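The values are calculated or read from the model by the stated rules, or taken from the named source; none is laboratory data. Everything quoted here is computed from the prediction, not taken from an experiment. Methodologically, a virtual Cβ is constructed for each residue, glycine included, from the backbone with ideal geometry; neighbour enumeration extends over all protein chains shown. Surface accessibility is based on the protein's heavy atoms, side chains included, excluding ligands, DNA and RNA. Shrake-Rupley method; radii C 1.70, N 1.55, O 1.52, S 1.80 Å.
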Amino acid sequence: MKHFFLFCIGMVLCPMLCFSQFKYGRVGDDELSMTVYAPDTSAVAVVLYEKGKISYVYGNSVGFQVLLEVERRVKILKPEGVGYADVSIPCYTDGIQQESLSGLEACSYNKENGKTVKTKLEKKYVFEEPASKHYRRYKFSIPNVKAGTVIEYKYRLTSPFYLSIPSWSFQSSIPMQYSTYEVLIPEYFIFNVDASKGFEHIEATNEYENQQFYIGYYDDGQSAMVTSSSRFMTFTARDVPALKVEPHVWCVSDYVTQVSFEISGTKFPNDFYRPYTATWNDIEKTLMNKSDFGTNMKLPNPYKDEVKRIVSEASGEEVIVSGVYALVKEKVRWNNVYAFWGNEARTAAKDGTGDNSQINMLLLSMLRDAGIEAYPVLLSLRSKGRLPYVHPSIDELSTFIVAAKLSDGTCYYMDGSARYGGLNVLPVELQVERAWAFRENVDADTWVDLSRLTRNQHQVSMNVSFDSEGKMNCERMVRYAGQFAYDFKNRYFQEKDSATFVENLGETNNVVIEDYSIEGVEWLSNTVKETILFTKAYDWGDDYVYFSPLVFGHIESNPFKQSERKLPIEFDYLYSYVQTVTINLPEGYAVEEVPKEINLALPERAGVCLYQVKQINDRTLQVVYRFELNKLVFLPEEYVSIKEFFGLVAAKNVEPIVLKKL
């Protein structure tokens, strides 16, 4: 939401209040005496009532402006909810014009000795501070707040950016009983309205009413009254539950119930209709011709001699791309910051460290200097939310990566933040379903799916035997490919040294590692091979032995424990996991019981799991475990089947083989 801070939503009352009775400054005894919110007894606070009101005002010296008026009342139910009395209100500026805050009032209400005590916020405790290049914010903490307090505040925000109406969210981290948004738009401004986001119901009305404006004419100093047939809309939501963070969700704000507005065009009296709706191709032109981004894309290659040598020694285009990518990783280290504009890339090259956009601007210039077609791919980080197909905005963009297109049409994708990945292997934050390929002079939709660039495989082969004392001896060989290789190298290089890595690996899996070797941990390697010789002690009873044949389990507990779910399930990436275990039985023991075979599949084989135990001969067993995740995003209505599927898989991962003493 561009202009609007929404910090809470929810409500609190067992006996339902008549919302028309809510008046700012009038707090009822039933609100003060309330101790729990019945629909969600875990709630630390709830929004009793909130109202936003949008209208247009006109001034002879400033023209049209958008006025946002906000009132909000919140009940603090538990000590953990006191933080909702800390409020931040952002104000936008484009560097020339800026939004202004006025009419701010805030107070708290408490019941003390049978009387209602009201404590007002003093103006001297309202602080203004810069928040970013385009925002400053007003911050304050409402005084005398504790469990049982009712707080309320109101303010007005006047914006000169009359082509923009702030979104309104009906949902946040606490529940909301009543929220309404009134919007009055003069006929001169045509907006597209979207109230489809989220899973909660919004009541909406749409009608027209006359609105008067006094317009000044500077030739005679007189003002004329103009009547507009204005569009009046109301949006109301009741009893909205808190939007709780659930596992396997990329960005929870993608699913907030809200209404948003996008300018379509203007039609003033005695003027033509002027369209404003932008396309992603329009965004490209703006970035190229009217921003630092386009200027930075023309950066000359600072490593001309090194790139020239790579080209002269390369046997093909793919080798050139790999060599250039390795060179930029060698020259500039990522500083753990994601950015978009790529400003001061030369400084990053000089200092040897920079954000990913600076490194990527350097990579672009190097690839182009090497004769490779290269272009940016624009995206929003997973944690920031999906890019919209329609209603695009530069503000939606978080960063970009680099695509290299070979003469045979093959594309490779790279990013300066991918420390441990080769071509087409990106950090999970960048593996988005929607990214925009910024190809100059290509006037077509060029969406790219970055979530399916590689085959992610985890393959294990393990031989198991037992010594005379019953100790398990294992040789485990693992092949990590794609994202598994990236994740492995990330873990490997986070440790102080390889010895510490091996030590922690043994402790985590409760084994004693006797020997360890590894191949493929170079920067651009997309495959890692690991060999481990280890032992594991088991408690051998008088007659029976129980042991888990997988040893290093895949999924040992069900990640989905809730009885129901409201949000989609979004996994990190698609993959296959295969483990084959050959078990040589100890002398003097026979197989008593083995896990039953399963062959599970979600609808359309979105998830697959095979587990079987075969007796090769009297002394040898073979366990085969195969798991595939073939679908990235599941809808909430698929949750029950997913929960059951992963529950069965987890149980099978830890199910033991039972041996009996002869």
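See the values below:
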| read-out | value |
| --- | --- |
| Carbon + sulfur, % of accessible area of the stretch 180-239 - ligands and nucleic acids excluded, 1.4 Å | 46 percent |
| Long-range Cα-Cα pairs in the stretch 483-535 (distance over 14 Å), rounded percent | 53 percent |
| Asp515 accessible area, 1.4 Å probe, all protein chains in place, Å² to nearest 10 | 80 Å² |
| Positive-pole candidate from Tyr544, Leu364, Thr531, dipole of the chain, charges at beta carbon | Leu364 |
| With every protein chain in place, the stretch 308-387: carbon and sulfur % of accessible area (1.4 Å) | 45 percent |
| Label-reachable residues, the stretch 232-260, where backbone N falls under 13 Å from a point 7 Å from Ser563's Cα toward its Cβ | none |
| The chain - Debye-derived log10 I(q)/I(0), Cα point model, q = 0.05, 0.08, 0.10, 0.11 Å⁻¹ | -0.34, -0.82, -1.12, -1.23 |
| Between the stretch 588-662 and the stretch 267-308, the alpha-carbon center distance in angstrom | 53 Å |
| Accessible surface, the chain, averaged per residue in Å² (probe 1.4 Å) | 47 Å² |
| Residues Ser641 and Glu592, FRET efficiency given R0 of 35 Å [Cβ-Cβ distance, rounded to 0.05] | 0.55 |
| Theoretical ellipticity at 222 nm over the chain - DSSP helices of four or more residues, -39500 (n - 2.57) apiece, nearest 500 | -5000 deg cm²/dmol |
| Rel. contact order, % - alpha carbon contacts under 8 angstrom, at least six apart, the chain | 9 percent |
| Pairwise centroid distance, computed over Cα atoms, of the stretch 384-437 with the stretch 450-470, Å | 30 Å |
| Simple spin-label estimate for Asn509 and Val117 in nanometres, 7 Å along Cα-Cβ | 6.2 nm |
| Potential extension, Cys251-Arg156 segment - 0.36 nm per residue separation minus Cα distance | 31.2 nm |
| Label zone at Arg419 (point 7 Å along Cα-to-Cβ), backbone N below 19 Å, the stretch 521-548 | 521-528 |
| Potential lengthening between Glu80 and Leu32 on full extension [0.36 nm per residue; Cα-Cα distance subtracted] | 15.5 nm |
| Inter-probe distance in nm under a simple model that places probes 7 Å from Cα toward Cβ, at Ser88 and Glu556 | 3.9 nm |
| Solvent-accessible area, 1.4 Å probe, carbon plus sulfur percent, for the stretch 416-481 | 38 percent |
| Cα-projected label distance for Asn630 with Asp497, points at 7 Å along beta-carbon direction, nm | 4.7 nm |
| Cβ-placed point charges (K, R +1; D, E -1), dipole of the chain about Cα centre in debye, nearest 20 | 1300 debye |
| Nearest-0.05 FRET efficiency for Leu524 and Leu662, computed from C-beta distance (R0 60 Å) | 0.65 |
| Centroid-to-centroid separation of the stretch 476-508 and the stretch 139-180 [C-alpha atoms, Å] | 47 Å |
| Solvent-accessible area of Lys146 with every protein chain in place, 1.4 Å probe, in Å² to the nearest 10 | 100 Å² |
